[in-house]
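Notes follow the structure.
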Amino acid sequence: MHEIFDMLLAVYDRAALMLICLFFLIRIRLFRELLHKTAHTAKELLAVTVIFSMFAIFSTWSGVPVEGSLVNVRIIAVMSGGILFGPWVGGIVGVIAGIHRYLIDAGGVTAVPCFITSIIAGILSGLINRRVPKELHWKIGILGGMLCETLTMILVVVWAPTIALGVDIVSKIGIPMIAGSVCIGFIVLLVQSVEGEKEASAARQAKLALDIANKTLPLFRQINSDTLRQICDIIRQDIRADAVAITNTERVLAYVGVGKITTTITMTPLARSPVRRLTTAKSSLKTTMKPIARRKFTQCW
């Protein structure tokens, strides 16, 4: 029992290392942009395939030898890649991982079973990506990983020179490797959390725009220098800018914020100002951010 517990810790230790690597990867802007896309180019898929293939190969290399077998997290890497990025990534990573596992121990008891189940894991992960709803990917991924590891144990017993040897190997590595499949769910959830950030950010921005519109719309019904300054102040407070200005194509109509005292504001007759267009069906309000001396500046014109 103590040996099984040690093997389980070894599995979680290597899976945790994979999670840490992915955590730092998703901090990279290019990788984050890749996760936000719904469709990927061939080059992007190739890059992702290389990354998860490296994870799978490292998982095999770092495996713990037990009775001619290796306790590793290769299936976790294969399943995660396919679930997150589709059947092409899962299938190719599965084949690469399986061939690598076979070549490093071609005559081993578990070489052929691991080769077979690595490819099956790649195919299965691609099916999960295409057929299972996204919110269930992590749950079905865990079940799929456990299924592949269970199949591996069955094949080890069948492929071993003697049933007694196969049962002995499975009794030591079966529980740790099957239980370690839980880490597939952690990896999928980690990456999907980044994908959800884009939607959450868009929702916050939409809510902010609606809040500003609700507060400023009554002020546009009677446009003068005071109401324009009030509008600037509302925008500045809501978006937490250092300064906000409303201009036409030639002059500053209202300004609130940093440098207000030293800024000269010239008002044009409102009857001739393009701001009058705000009351028509073709009204427009354009807000842009410009850094001035490392401060946020918003101009509306």
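Observations, loosely collected:
- Flag for R74 being under 22 Å from H137 (Cα atoms), in contact (Cβ under 8 Å) with a residue 40 or more places away in the chain and of a type in the set (D, E, K, R): yes
- Residue within the range 153-176 that is touching a residue at least 24 places away in the same chain (Cβ under 8 Å), in contact with a Cys (Cβ under 6 Å, 6 or more places away or on another chain) and not in a helix (DSSP H, G or I) present: no
Residue by residue, here is whether (1) under 44 Å from the mean Cα position of the chain (by Cα); (2) modelled with pLDDT under 50; (3) among the β-branched types (V, I, T) holds:
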| residue | (1), (2), (3) |
| --- | --- |
| I212 | yes, no, yes |
| L217 | yes, no, no |
| R229 | yes, no, no |
| D233 | yes, no, no |
| A243 | yes, no, no |
| T263 | no, yes, yes |
| T268 | no, yes, yes |
| I292 | yes, yes, yes |
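- Residue in the range 125-133 that is within 18 Å of N72 (Cα to Cα), β-branched (V, I, T) and assigned to a helix (DSSP H, G or I) present: no
- Only listed residue being in contact with an Asp or Glu (Cβ under 6 Å, 6 or more places away or on another chain), within 19 Å of I20 (Cβ to Cβ) and not acidic (D, E), chosen from L84, L35: L35
- Filtered by the rule that a residue be surrounded by fewer than 18 Cβ atoms within 10 Å (Cβ to Cβ) and more than 22 Å from P161 (Cα to Cα), the range 60-79 gives W61, S62.
- Scan of the range 107-122 for residues that are part of a helix (DSSP H, G or I), among the small types (G, A, S) and either touching a residue at least 12 places away in the same chain (Cβ under 8 Å) or within 19 Å of V11 (Cβ to Cβ) (or both), ordered by number: S118, A121, G122
- Put simply, of T280, T287 the only residue that is under 19 Å from Q205 (Cβ atoms), β-branched (V, I, T) and at pLDDT below 70 is T287.
- Test for A47: is it assigned to a helix (DSSP H, G or I), open to solvent by 30 Å² or more (accessible area, probe 1.4 Å), of a type in the set (G, A, S) and within 22 Å of V191 (Cβ to Cβ): yes
- As for the range 197-217, it holds no residue that is crowded, with 17+ Cβ neighbours inside 10 Å, not in a helix (DSSP H, G or I) and not aliphatic (A, V, I, L, M).
- Output for the range 86-122, where each listed residue is among the polar types (S, T, N, Q) and modelled with pLDDT of 95 or more: T117, S118
- Within the range 232-244, the presence of at least one residue that is at negative phi and assigned to a loop (DSSP other than H, G, I, E, B) is confirmed.
- Applying a threshold of 7 Å to beta carbon distances and a minimum spacing of six or more residues, or different chains, the list of pairs starting in the range 23-51 at a residue that is closer than 12 Å to W88 by Cβ and ending at one that is open to solvent by 70 Å² or more (accessible area, probe 1.4 Å) reads L45/W88; T49/I92.
- Filtering the range 107-118 to residues that are touching a strand residue (DSSP E or B) at 6+ places or on another chain (Cβ under 8 Å) and surrounded by fewer than 24 Cβ atoms within 10 Å (Cβ to Cβ) leaves G108, V109.
- If you go through the range 26-44 and keep only what is open to solvent by less than 50 Å² (accessible area, probe 1.4 Å) and at pLDDT 90 or above, you end up with just E44.
- Per the listing I92, I57, I20, I104, the residue uniquely open to solvent by 20 Å² or more (accessible area, probe 1.4 Å), touching a residue at least 12 places away in the same chain (Cβ under 8 Å), out of contact with any helix residue (DSSP H, G or I) (no Cβ under 6 Å at 6 or more places or on another chain) and of a type outside the set (F, W, Y) is I104.
- Meets criteria (under 19 Å from A106 (Cα atoms) and open to solvent by 60 Å² or more (accessible area, probe 1.4 Å)) for V158: yes
- Residue check for S125: of a type in the set (S, T, N, Q) and modelled with pLDDT of 95 or more: yes
- Residue check: D168 meets all listed conditions (1) open to solvent by 40 Å² or more (accessible area, probe 1.4 Å); (2) under 22 Å from the mean Cα position of the chain (by Cα) but one, namely (2).
The values are calculated or read from the model by the stated rules, or taken from the named source; none is laboratory data. These numbers were taken from a predicted model, which means no experiment stands behind them. Counting neighbours? That spans all protein chains shown, and the Cβs are built from the backbone with ideal geometry, glycine included. Keep in mind that these areas ignore ligands, DNA and RNA; they rest on the heavy atoms of the full protein, side chains included. Shrake-Rupley method; radii C 1.70, N 1.55, O 1.52, S 1.80 Å.
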